[in-house]
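The values are calculated or read from the model by the stated rules, or taken from the named source; none is laboratory data. Note that the coordinates shown come from a computational prediction; the quantities given were computed from them, not determined experimentally. Virtual Cβ from ideal backbone geometry, glycine too; neighbours counted across all protein chains shown. Just the protein is used for accessible areas: all its heavy atoms, side chains included, with ligands, DNA and RNA removed. Shrake-Rupley method; radii C 1.70, N 1.55, O 1.52, S 1.80 Å.
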Amino acid sequence: MTSAEALTAPDELDRLLGKLTLQQKIRLLSGDGTFRTPAEPAIGLRAMVFSDGPVGVRGEHWDERDTALALPSPTALAATWDDGLVRRLGGLLAAEARRKGVDVLLAPTLNLHRSPAAGRHFECFSEDPLLTARMGAALIGGVQDGGVAATAKHYTVNDSETERLTLDARIDPSTLHAVYLAPFEAAVAAGVWVVMAAYNRVNGVAMAESPLLTDPLKESWGFDGVVVSDWGAVTSTVASARAALDLAMPGPHPEWGEALLRAVQDGRVPQAVIDAKVRRILLLAARVGALGAGSSAAPPPAPAPHTARALLRHAVAAGTVLLRNEGSLLPLDATGLRRVAVLGPNAATARVQGGGSAGVFTGHCVSPLAGIRRALPARVEVVHAPGPVPYARPAPLHTGNARDPLTGEPGVRLRYLDATGAQVHTEHRLSGRILEPVAPGADLTGATAVEVTALVTPDTTGPWRLGVVGLGQVVLEADGRRLIDEHVAPESADPTYLHVAPSYRTAAWEAEAGRELTVRAQRQLEPGTGQVIALTADPPPADDQTALAHAVGLARTADVAIVVVGTTDEIESEGFDRTTLALPGSQDELVTAVAAANPRTVVIVNSGGPVELPWHEEIPALLLGWFPGQEAGDGLADVLLGAAEPGGRLPTTWAVRTEDVPVLDTAPVDAVLAYTEGPYIGYRAWRRTGRRPAYWFGHGLGYTTWAYESLTADGPVHPELGLTVRVRVRNTGPRAGREVVQIYVSEDGGPDPADRRLAGYATVRAEPGESVTVPVRLPARAFQHWSPQTRRRHVEPGGFHIHAGPSVADTPLREHCEGGPT
Ligand code: BGC
């Protein structure tokens, strides 16, 4: 028996438990700070460190110097339909976690794309439960193989942000089990060590107090790990403690400290309930090496930077979806190019991730413009213009445009002040946006205000915009002149709003090119206003018509125009939902004007989730790059120039216009968000309503073509094993390629004849002319319904149609099979 096995043995856990007093046990049930659990030296338990997830491992602190590898957004990972690749990326996350001393990664996010307007859409995999389940299981496997716990979050029905802390999702039990719980069940089957209970309520009960934590999670599915609350989700003592929640974060927690101790002492919470929670926390600690001898084990070596970057670059191409390629414009043949125009607001500034707790500080990061420049031969001239700037929120100062007034180094000076204005603590920082002090031993006792100061040298003359981000009494000064002195009240109590994106104020400043000025922002640290402060300074943007004319002029003179449009981490973020899917600003106008000026126009959409595509039939080539992670530019250039095939297939259906979307609304009415559509979300909703999207779930072109030749299904469906079908496809195009063979099932005599569900998929590779037969396993679950009467899943009586093809709407092959016994 290894030492890890010995520690996780039930007897050993009981022995350790027996050494703890009730006080010691209760201390272990909530955090010791924001992202850490308490140590208990009496039993050889060290603190466990938690970190978000899912695009990278931010680490315990919000410190811009502590950079992280940034993966493509989960939407992009799901677009790969490549379980093996996602597992390898999970391994990379584990290595990052170990490098940063993180034991528990707060990922994957397993909520569904119920509405494309949902703020965290980019952070979830898909509208389909089976694809989400497989991607989640693959990521969990990769992370946990590296000895780091993964966290399946947010359990459950937490699919939008509006009123997210309080909304009550009303959902019928069959839909809950068949659709929204399915990815979590798969996560438990994959052996996940942590599950996070969501903020919201489901059918009237807060998830931190929900019976769903007991059953199905711990009882029917046999989850043996820790249920952690979402951050700040515990608002009760007895109800949450008696539910199957194990760990309240962050902490020390007001409801789970002294109050819980008293509740146990006076019998409102049984001692056995506390023991069961502590036991699970000790098991988790043993699993991640935080208990006993394991706690001092050296972490496995991290992959070399070039290996990690090569994998991330491959992932960009693997998730990029080619939606349209008229006249085979792509891949571009570099030999015929003399001048390439790279246009759009997202071309030169890499927009690699969405916003909120998922955010990481990137180090190395390749913009589309930089990647395309690097990939083209030196003789090809690459010209760039952003077009009209669509983004309103000012950008924080950084090392490229600010200096610390104390040391002169690139960056800013951060100071915490007491009520008399005396300095309590100071640090040099690399960003004008500060989320917390990070110098070792920073002691803020007595601090009542935070201040950021920088030297800024405008490079243009004109009306610059200076700004301060933060709440409470805020002050902004330039060269000692007070420009803002205002009380900014919080607009929301949501921790993400307070922590990541609080309100900002700006003021105009007549700048003179080359003349340095001192800019100072300060805010009072009033209770309930969070910690964030940011100091910003932006040059004036060109007016929209001038910027548009410049971009179109460049397009006209180029052999090919590549337009990178999209969103940012401020438009797609945790904490709020979008109210429209339209591209911000005049980006639609930019695309149509460029396409009119140059018939060889390629559009790359750089967003985490769907945006409107009103012009999609007017342009020859359209790629979705998602939020592609740090290697964005190199990966996209590989696809554009044919070094890699675009591997992506849509994990979610894309509308032409917002108003076409069948399930869009995320606003609760009187605190209730009714899932009245039942199981019909995503492509199932589109098919049911008979509406036509721009591109269906599963769609995506490669650089070759495929014929679907045969499908065999040897029914009947086995009640536990499901069914395996075989599909033969032939590569009918000019180059080797990879195809994602998708299988959908529909029921004989089901309630909706148009309805079908993804039941399985497999990938094939073939040379030109080659045909390949691929087995596709369809799990029993794909044929089952959950019955509220028996509280079990059953294979429906009657038969099934099996459909095979390259998307939900294009299934050239069809077979029939019997349902078989239940
Ligand atoms: C988010 C979680 C996140 C946690 C810790 C919450 O606001 O909903 O996804 O893991 O914060 O940052």
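How about the range 628-651: which of its residues are surrounded by fewer than 24 Cβ atoms within 10 Å (Cβ to Cβ) and aliphatic (A, V, I, L, M)?
Leu641, Ala643, Ala644
Considering each residue of the range 343-361, count those that are within 16 Å of the ligand (Cβ to nearest atom), open to solvent by 10 Å² or more (accessible area, probe 1.4 Å) and within 13 Å of Gly566 (Cβ to Cβ), and give that number.
Adding up the residues that qualify gives 1.
Just name the residue that is nearest to Val412 (Cα to Cα) out of those in the range 43-90 that are in contact with a strand residue (DSSP E or B) (Cβ under 9 Å, 6 or more places away or on another chain), of a type in the set (A, V, I, L, M, F, W, C) and within 13 Å of the ligand (Cβ to nearest atom).
Out of the qualifying residues, it is Trp62.
Going through Asp32, Asp82 one at a time, which residue ends up being farther than 26 Å from Ala439 by Cα and among the acidic types (Asp, Glu)?
After ruling out the rest, the residue left standing is Asp82.
Scan the range 350-369 and tell me whether some residue there is in a helix (DSSP H, G or I) and either in contact with a Gly (Cβ under 9 Å, 6 or more places away or on another chain) or within 21 Å of Leu89 (Cβ to Cβ) (or both).
yes
Any idea how many residues of the range 107-154 are acidic (Asp, Glu) and either within 16 Å of the ligand (Cβ to nearest atom) or at pLDDT below 95 (or both)?
Within the range 107-154, residues that are acidic (Asp, Glu) and either within 16 Å of the ligand (Cβ to nearest atom) or at pLDDT below 95 (or both) number 1.
Determine the pairs where a residue that is in contact (Cβ under 8 Å) with a residue 60 or more places away in the chain, located within the range 501-516, has a partner that is assigned to a loop (DSSP other than H, G, I, E, B) and of a type in the set (S, T, N, Q) with Cβ atoms under 7 Å apart, the partner being 6 or more residues away or on another chain.
Glu516/Thr457
Considering only residues that are more than 19 Å from the chain's Cα centre (by Cα), buried (at least 24 other Cβ atoms within 10 Å of the Cβ) and in a loop (DSSP other than H, G, I, E, B), which ones fall in the range 602-618?
Leu613
Would you say Ala187 is touching a residue at least 40 places away in the same chain (Cβ under 8 Å), within 16 Å of the ligand (Cβ to nearest atom) and either open to solvent by less than 20 Å² (accessible area, probe 1.4 Å) or closer than 30 Å to Gly289 by Cβ (or both)?
Considered against the rule, which asks whether it is touching a residue at least 40 places away in the same chain (Cβ under 8 Å), within 16 Å of the ligand (Cβ to nearest atom) and either open to solvent by less than 20 Å² (accessible area, probe 1.4 Å) or closer than 30 Å to Gly289 by Cβ (or both), Ala187 comes out as yes.
Give me the strands (runs of 3 or more DSSP E) completely within the range 426-541, filtered to those with at least 1 residues that are of a type in the set (Val, Ile, Thr) and open to solvent by less than 40 Å² (accessible area, probe 1.4 Å), ordered by residue number.
In the range 426-541, 449-456, 462-469, 472-478, 481-488, 517-524, 533-538 are the strands (runs of 3 or more DSSP E) which contain 1 or more residues that are of a type in the set (Val, Ile, Thr) and open to solvent by less than 40 Å² (accessible area, probe 1.4 Å).
Residue by residue through the range 134-162, note down the ones that are closer than 19 Å to Tyr675 by Cβ and not in a strand (DSSP E or B).
Of everything in the range 134-162, those that are closer than 19 Å to Tyr675 by Cβ and not in a strand (DSSP E or B) turn out to be Thr156, Val157, Asn158, Asp159, Ser160, Glu161, Thr162.
Yes or no: the range 711-731 includes at least one residue that is over 27 Å from Gly750 (Cα atoms) and either of a type in the set (Val, Ile, Thr) or surrounded by 20 or more Cβ atoms within 10 Å (Cβ to Cβ) (or both).
yes
(1) over 24 Å from His803 (Cα atoms); (2) open to solvent by 40 Å² or more (accessible area, probe 1.4 Å); (3) part of a strand (DSSP E or B): which one isn't true of Glu659, the others all being true?
The number of the failed condition is (3).
Please go through the range 334-345 and pick out each residue that is touching a residue at least 12 places away in the same chain (Cβ under 8 Å), more than 13 Å from Ala558 (Cβ to Cβ) and not aliphatic (A, V, I, L, M).
Answer for the range 334-345, where residues must be touching a residue at least 12 places away in the same chain (Cβ under 8 Å), more than 13 Å from Ala558 (Cβ to Cβ) and not aliphatic (A, V, I, L, M): Gly344, Pro345.
Applying the selection to the range 58-69, what residues are open to solvent by 20 Å² or more (accessible area, probe 1.4 Å) and among the aliphatic types (A, V, I, L, M)?
Result: Leu69, single match.
Out of everything in the range 778-790 that is more than 17 Å from Arg756 (Cα to Cα) and in contact (Cβ under 8 Å) with a residue 24 or more places away in the chain, what residue ends up being least open to solvent (accessible area, probe 1.4 Å)?
Taking the candidates together, the pick is Ser787.
Regarding Thr335, is this residue closer than 18 Å to Trp626 by Cβ, open to solvent by 20 Å² or more (accessible area, probe 1.4 Å) and of a type in the set (S, T, N, Q)?
no
Identify all residues within the range 791-822 that are outside any strand (DSSP E or B), at pLDDT 90 or above and open to solvent by 70 Å² or more (accessible area, probe 1.4 Å); write none if there are none.
Once the filter is applied, which keeps residues that are outside any strand (DSSP E or B), at pLDDT 90 or above and open to solvent by 70 Å² or more (accessible area, probe 1.4 Å), the range 791-822 yields only Pro812.
Being within 25 Å of Pro541 (Cβ to Cβ), among the charged types (D, E, K, R) and outside any loop (DSSP other than H, G, I, E, B) is the filter here; which residues of the range 388-425 pass it?
Arg403
Checking the condition within 15 Å of the ligand (Cβ to nearest atom), modelled with pLDDT of 95 or more and more than 20 Å from Leu212 (Cα to Cα), which residue from Val104, Val157 passes?
From the options Val104, Val157, the qualifying one is Val104.
Within the range 631-653, work out how many residues are out of contact with any Lys or Arg (no Cβ under 8 Å at 6 or more places or on another chain) and not hydrophobic (A, V, I, L, M, F, W, C).
7
Under 7 Å between Cβ atoms, which residue pairs at least 6 apart in sequence (or on different chains) link something in the range 87-110 that is in a helix (DSSP H, G or I) with a partner that is β-branched (Val, Ile, Thr) and surrounded by fewer than 24 Cβ atoms within 10 Å (Cβ to Cβ)?
Every condition considered, no pair remains.
Checking the condition at pLDDT 95 or above and buried (at least 24 other Cβ atoms within 10 Å of the Cβ), which residue from Pro72, Pro38 passes?
Pro72
I'm trying to understand the selection: among the residues of the range 553-587, which are β-branched (Val, Ile, Thr) and either open to solvent by less than 10 Å² (accessible area, probe 1.4 Å) or without any contact (Cβ under 8 Å) to a residue 12 or more places away in the chain (or both)?
Across the range 553-587, the qualifying residues are Val560, Ile562, Val563, Val564, Val565, Thr567, Thr568.
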